[in-house]
Every structure is written in structure tokens, then in C-alpha cells.
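Here's the structure, in C-alpha cells; my notes come after.
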Amino acid sequence: MSSEPPTAASAPAADELAADLSAATLSKKQQKKDARKAEKAEKAAQRQQQQQQPADAEDPFAANYGDVPVEEIQSKAISGRSWTKIGDLDDAAAGRSVLIRGATQAIRPVSKKMAFVVLRQSMSTVQCVLVASADAGVSTQMVRFATALSKESIVDVEGVVSLPKEPLKATTQQVEIQVRKIYCINRAIPTLPINLEDAARSEVEFEKAEQAGEKLVRVGQDTRLNYRAIDLRTPANQAIFRIQCQVENKFREFLLSKDFVGVHTPKLISGSSEGGAAVFKLLYNGQPACLAQSPQLYKQMAICGGYERVFEVGPVFRAENSNTHRHLCEFVGLDAEMEIKEHYFEVCDIIDGLFVSIFKHLTENCKKELETINRQYPFEPLQYLEKTLKLTYEEGIQMLKEAGTEIEPMGDLNTEAEKKLGRLVKEKYGTDFFILYRYPLAVRPFYTMPCYDNSAYTNSFDVFIRGEEIISGAQRIHTPELLAKRATECGIDVSTISAYIESFSYGAPPHGGFGVGLERVVMLFCALNNIRKTSMFPRDPQRLVP
């Protein structure tokens, strides 16, 4: 036999063989690992299936729990049963049998015979207790069924209200439900894309965790908006949009009390309503058109139509590529227009009364909602005066100059300057809410009436909350000749707004008005850091879904 060492040519073959053997060994190990994994998954699935079974044949209380077949909730029948709101459960309900529906916010098994399930309905939560007992009609299988429910599943519970021995910290309601029956109406998927507990955390909680060396999950703004249907369930979001509803309602209520008439104007129009290129263009039956940047032209035409005072609540569209904390491409506009007898301060007086009434209403009647928002997003209560402060634009510029901020004399205030002016006004006058009036002509829309004593300025105003503009308003030009002249000077094709200009040639009273962004009002009243928090499904330059 040859004892010669392998040749150079045969060495790679040996290496390949060793590699193949190694790969085969790894492959077998992987196969065994995969097999164990599959077996484990199968057993887990079997356990889950067993837990999800309503009961076995030996359970005498099988009818007291289970998943409700979909055909039973397809409006099959009206049972006449009486439902109780979770938020209405209090000490007075102790000893009473109730039927409630909610989402499973938390599930805590204590033993095979006992479990806690926290149900949530809107902003209210209650603890439900399951204890296996023949007297209560609760079996261990029923307890197992409850603990196998996924979070956020929709559940019906029947039980008896009881008073806990110790105060409950994890729920809004200070009572418990001793469960007698529990039925799942609709199961949520086992693993949600975002955890509600994570989405509801405050900065204070993150700071405490960091100090303790713990790492908590932070849900980012984009992730929240991607899964908005879950994010909206957090207590703060539930409160934010209830506050928004109250602002809109008070806007309507106050203006109606001042003899304003609610109107609805077109959102499909032939040309720009504000001037400039920030419009969403489209084809309207083959004709060029755009989405309305405001109801401005039409609410003025309504004044020409003899309505004296009008308001509108509706969508406003701005095709601005502004990716800021306070801009949206679509928002809810609160608009008003009114005849004025002598001075555009008549409009400012309406704004004064309107917003003071809104602030008072929220402070006095929405304490629960404001406290809920404050827990996740802490803020200082808004300071305002009974009679709203008015400053001229020039006075505002002078305050900024004295504080070391140089502003172009006839230019508009940028965001930084607005915020600084807000701080200066609060320090000097003790208010977060004020009106700045008599703006330069160069920074106002074409339909704004120039000042009688200096045409470089206008009969216009902006209103600020916490150093950010929320309202823009003015006396309007009501003579067709001056209106056409100003439109041309601002680069607007007069032919696209000819019907608007013509309406003033039929006789038009002096008038003025204003526009407010609903989302911005709520954002600034609650001192939130982003307008997307106050838009249920925001539309900005980057977002068109959900």
C-alpha cells in the first residue's frame, strides 16, 4: 500500500467531503430542532384549542360561557335584556345583577379556580372576578376559558356587583363584578401590533423606568397612526376627541345664541379661494377644479345673500408641503362671517365671548377628560382673561425688539417669533390667549380691507393660544372694483372668481369674519406637542392612510 500523503489535487476533495459531512450533521441537528419546535407548537395549539372549547361533556355549567357563534349576533333577535354601562357602576349598584359588554384590557389568572379580567368600555374600566364555585355556576373550565381570551377581545359578562375590601388602583370603577356568565363576542388576534399599555404610558413613567434601569417599549407617532384603531383606545385619546367634540358643540351653541345661521358651502370649486398654489387640483367632469382652501368666498356671498351672520363647520384642504407639528393637509375649519356696523372689532368681540365661553366650559365640565389627558401628557392649565387682550401688530413687534428679537417691519411672524411673543405677553399680561391686530397688507389675503389711515396696513387680526396662531380674521373688501384690483395684485386670475366678485356688485354690506382650525385649538388648549394627536385620522404631506 502506498504511504504517500495526499496530493495537492486530492486535498480539496477531502475538504469538500468534510464540509458535506459537517453540513449533513448540521442539517440533522436543524431537522431535530425543527421537529421539536413543531411538536412544541402543536402541543401549544392543542392546549389553546382545549382552553377555547366551551367545555367538555362533564361540565355542568357549559352553558355559562363560550364563544358566541356569529349567526347569534347577526341581528337575529331582540332579547329585551337590560345592559349597564361600565361607567355607571358604583357603590349604589352593590348586590345588583348586571349585564355589561367591554374589551378585555387585562387578564390575570390566580389559580386554576380563580382569575381576574378587566373590561374596558370607552374611558371606563371594571374588574371582573371569576371563582370556581358550584353555587355561583362557575367551573374550572370556565375560569380556564376566561384566562385563554386574547387581550382586546369583545366580551359580555353577567354577574353581581360587589364592593372590594381594598381600593382598586388599576380600574376607574371602584366595584367588582362577581362573574356568573362570560361570553366572547369577537376575539382579537393573539398578538396585537401595538400594546395598549405601551401606547398609554406617560413621559413620567419612562423617566422612572430609566432611573430604575428598566427599558419600556415606546410607541412612536407613525406606529400609532399606522394602527390608529388600537391607539384611539388609550384613555388620553378617548379624552382628546371628547374634548374636541365639546369645542365644536360650544362653537355652534355660542354662535347660534348670537343669531348666526349654520351653512354648508362647496368643497369643489373652480379656483383658489385663498390665493397661491397650495391647492389640490383635480378634474371636475373634464373641467379644471380644486378642493376648497376655506369657505371664505361662499360665506361672504351668504352675507351678500342677506343672512347677516353665518358659520360653518367643515373640512378645509391645504396642499402645503408643511411637515410641522401644527400643519395638516386636511383639517376641520370653524368659520364665521358677519355684517359689521362700524368697526371690525365687532368681530373680535364675538371671538372674545366665544373662546372665553369655550375655555370656561372645558374647565368646568370636562374635568375627567382633562385629568385623563394630563396623566399621559402633563400640561399647565390655560390662562386667559375675562376680557381678551388686544395688541396692535406694531406693539407686538416692539415687544419682540425690546426682548432682542429683530423682525422685518412689514413681514409676518414666524413660528419662533410667535412663541416668543406668547411668552412675553404671558409674563407681562398674565394670559395665554390674546389678539394681535392691524397686520401689514403684504402678509394678508387679497380680500382683506386696507386700513383707512395707512393702506400699508389692514383691518385684520390673528388670535394666539400659548404663542401659536389659531385664528386669522379681518374686515373684508365689499366693493367689486377694489376686490378685483387686489386679486390682480396678488396674482389671482380674476376670471376664476368672477362669480364671487360679481356678487358684491348687487349691493353688499360691510362685513368681516374669521377661520379657526379645530384640531389646533384642542392641541393648544391641552398643550399637546403635535396636531396629529388631535386629528382622528390625520392627513399630512406623507400620510393618506388609514
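The values are calculated or read from the model by the stated rules, or taken from the named source; none is laboratory data. Remember, predicted model here, so these are calculated numbers, not experimental data. No Cβ is skipped: glycine too gets one built from the backbone with ideal geometry, and neighbour counts run over all protein chains shown. SASA here: full protein model, heavy atoms, side chains in, ligands and nucleic acids out. Shrake-Rupley method; radii C 1.70, N 1.55, O 1.52, S 1.80 Å.
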message = I need the full set of residues from the range 325-335 which are open to solvent by 30 Å² or more (accessible area, probe 1.4 Å) and either over 17 Å from the mean Cα position of the chain (by Cα) or of a type outside the set (Asp, Glu) (or both), in order please.
response = His325, His327, Phe331, Val332
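The rows are residues; the columns are (1) modelled with pLDDT under 95; (2) crowded, with 18+ Cβ neighbours inside 10 Å; (3) in a loop (DSSP other than H, G, I, E, B).
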site	(1), (2), (3)
Ala239	no, yes, no
Asn249	no, no, no
Arg252	no, no, no
Leu255	no, yes, no
Pro266	no, no, yes
Glu274	yes, yes, yes
Val279	yes, yes, yes
Pro288	yes, no, no
Gln293	yes, yes, yes
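Can you say whether Ser322 is farther than 19 Å from Leu524 by Cα, at pLDDT below 95, open to solvent by less than 40 Å² (accessible area, probe 1.4 Å) and assigned to a loop (DSSP other than H, G, I, E, B), as far as the supplied structure shows? Reasoning before the result, please.
Details: farther than 19 Å from Leu524 by Cα: no; at pLDDT below 95: yes; open to solvent by less than 40 Å² (accessible area, probe 1.4 Å): yes; assigned to a loop (DSSP other than H, G, I, E, B): yes.
No.
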Subset of the range 221-237 [outside any loop (DSSP other than H, G, I, E, B) and among the polar types (S, T, N, Q)] = Gln221, Thr223, Asn226, Asn237
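Suppose we keep only residues that are of a type in the set (Lys, Arg) and part of a strand (DSSP E or B) within the range 98-123. Which one would you say is surrounded by the fewest Cβ atoms within 10 Å (Cβ to Cβ)?
Filtering the range 98-123 for residues of a type in the set (Lys, Arg) gives 101, 108, 112-113, 120.
If we keep only those that are part of a strand (DSSP E or B) too, we end up with 101, 108, 120.
Values: Arg101: 16, Arg108: 12, Arg120: 21.
Ranking the candidates gives Arg108 first.
Residue under question is Ile358, and the condition is that it be over 30 Å from Val545 (Cβ atoms), open to solvent by 10 Å² or more (accessible area, probe 1.4 Å), in a helix (DSSP H, G or I) and of a type in the set (A, V, I, L, M); does it hold?
Details: over 30 Å from Val545 (Cβ atoms): yes; open to solvent by 10 Å² or more (accessible area, probe 1.4 Å): no; in a helix (DSSP H, G or I): yes; of a type in the set (A, V, I, L, M): yes.
So Ile358 fails the test.
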task = Could you check Gly314 against (1) assigned by the TED database to the domain that holds Ile358; (2) touching a residue at least 60 places away in the same chain (Cβ under 8 Å); (3) touching a Pro at 6+ places or on another chain (Cβ under 7 Å) and say which number it fails?
result = (2)
note = Note on Glu214: of the conditions (1) more than 30 Å from Val521 (Cβ to Cβ); (2) within 25 Å of the chain's Cα centre (by Cα); (3) open to solvent by 30 Å² or more (accessible area, probe 1.4 Å), unmet is (2)
message = Being farther than 27 Å from Ala63 by Cα and at pLDDT 95 or above is the filter here; which residues of the range 169-196 pass it?
response = Thr171, Thr172, Gln173, Gln174, Thr191, Leu192, Pro193, Ile194, Asn195, Leu196
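Any residue that is touching a Lys or Arg at 6+ places or on another chain (Cβ under 6 Å), within 30 Å of Ile194 (Cβ to Cβ) and modelled with pLDDT of 95 or more - is there at least one of those in the range 71-88?
Our first condition is that a residue be touching a Lys or Arg at 6+ places or on another chain (Cβ under 6 Å); within the range 71-88, this holds for none.
No, the range 71-88 contains no residue that is touching a Lys or Arg at 6+ places or on another chain (Cβ under 6 Å), within 30 Å of Ile194 (Cβ to Cβ) and modelled with pLDDT of 95 or more.
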request  = Look at the range 487-546 and say how many of its residues are over 23 Å from Glu337 (Cβ atoms), among the hydrophobic types (A, V, I, L, M, F, W, C) and free of Cβ contacts under 8 Å to residues at least 40 places away in the same chain.
outcome  = 2
inquiry  = Among the residues in the range 336-347, are any buried (at least 17 other Cβ atoms within 10 Å of the Cβ), in the same structural domain as Ser472 (by the TED database), farther than 18 Å from Val279 by Cα and in contact with a Leu (Cβ under 7 Å, 6 or more places away or on another chain)?
reply    = yes
task = Identify, by number, the condition in (1) at pLDDT 95 or above; (2) touching a Phe, Trp or Tyr at 6+ places or on another chain (Cβ under 8 Å) that Leu544 doesn't meet.
result = (2)
query = Name the pairs whose Cβ atoms lie under 6 Å apart, with the first residue in the range 151-177 and open to solvent by 80 Å² or more (accessible area, probe 1.4 Å), the second of a type outside the set (A, V, I, L, M, F, W, C), and 6 or more positions between them or separate chains?
reply = Lys151/Thr104
query = Take the residues of the range 185-203 that are open to solvent by less than 70 Å² (accessible area, probe 1.4 Å) and either outside any loop (DSSP other than H, G, I, E, B) or of a type in the set (Gly, Ala, Ser) (or both): which is nearest to Gln238 (Cα to Cα)?
reply = Ala200
message = Give all pairs with beta carbons closer than 7 Å in which a residue from the range 238-264 that is under 27 Å from Phe537 (Cα atoms) meets a residue that is open to solvent by 30 Å² or more (accessible area, probe 1.4 Å) and aliphatic (A, V, I, L, M); count only pairs at least 6 apart in sequence or on separate chains.
response = Phe241/Met536
inquiry  = Please verify whether Ser97 is hydroxyl-bearing (Ser, Thr, Tyr) and more than 33 Å from the chain's Cα centre (by Cα), treating the condition exactly as stated.
reply    = yes
inquiry  = Checking Thr363 against (1) touching a helix residue (DSSP H, G or I) at 6+ places or on another chain (Cβ under 8 Å); (2) crowded, with 17+ Cβ neighbours inside 10 Å; (3) of a type in the set (Val, Ile, Thr), only one condition comes out false. Which one?
reply    = (2)
query = Can you pull out the residues in the range 497-531 that are closer than 30 Å to Arg375 by Cβ and in contact with a strand residue (DSSP E or B) (Cβ under 7 Å, 6 or more places away or on another chain)?
reply = Val516, Gly517, Leu518, Glu519, Arg520, Val521, Leu524, Phe525
message = If Val126 meets every condition in (1) open to solvent by less than 10 Å² (accessible area, probe 1.4 Å); (2) over 30 Å from the mean Cα position of the chain (by Cα) apart from one, which number is that one?
response = (2)
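For the range 162-172, does any single residue satisfy the condition of being within 33 Å of the chain's Cα centre (by Cα), part of a strand (DSSP E or B) and in the same structural domain as Pro109 (by the TED database)? Talk me through it step by step, then tell me what you get.
Residues of the range 162-172 within 33 Å of the chain's Cα centre (by Cα): 167-172.
Of the ones still in play, those that are also part of a strand (DSSP E or B) are none.
No.
Quick check on my filter: what residues within the range 223-254 are aliphatic (A, V, I, L, M) and either touching a Ser or Thr at 6+ places or on another chain (Cβ under 6 Å) or closer than 20 Å to Glu364 by Cα (or both)? Please lay out each step first, then the result.
Of the residues in the range 223-254, the ones aliphatic (A, V, I, L, M) are 225, 229-230, 232, 236, 239-240, 243, 247.
Ala236, Ala239, Ile240, Ile243, Val247, listed by residue number.
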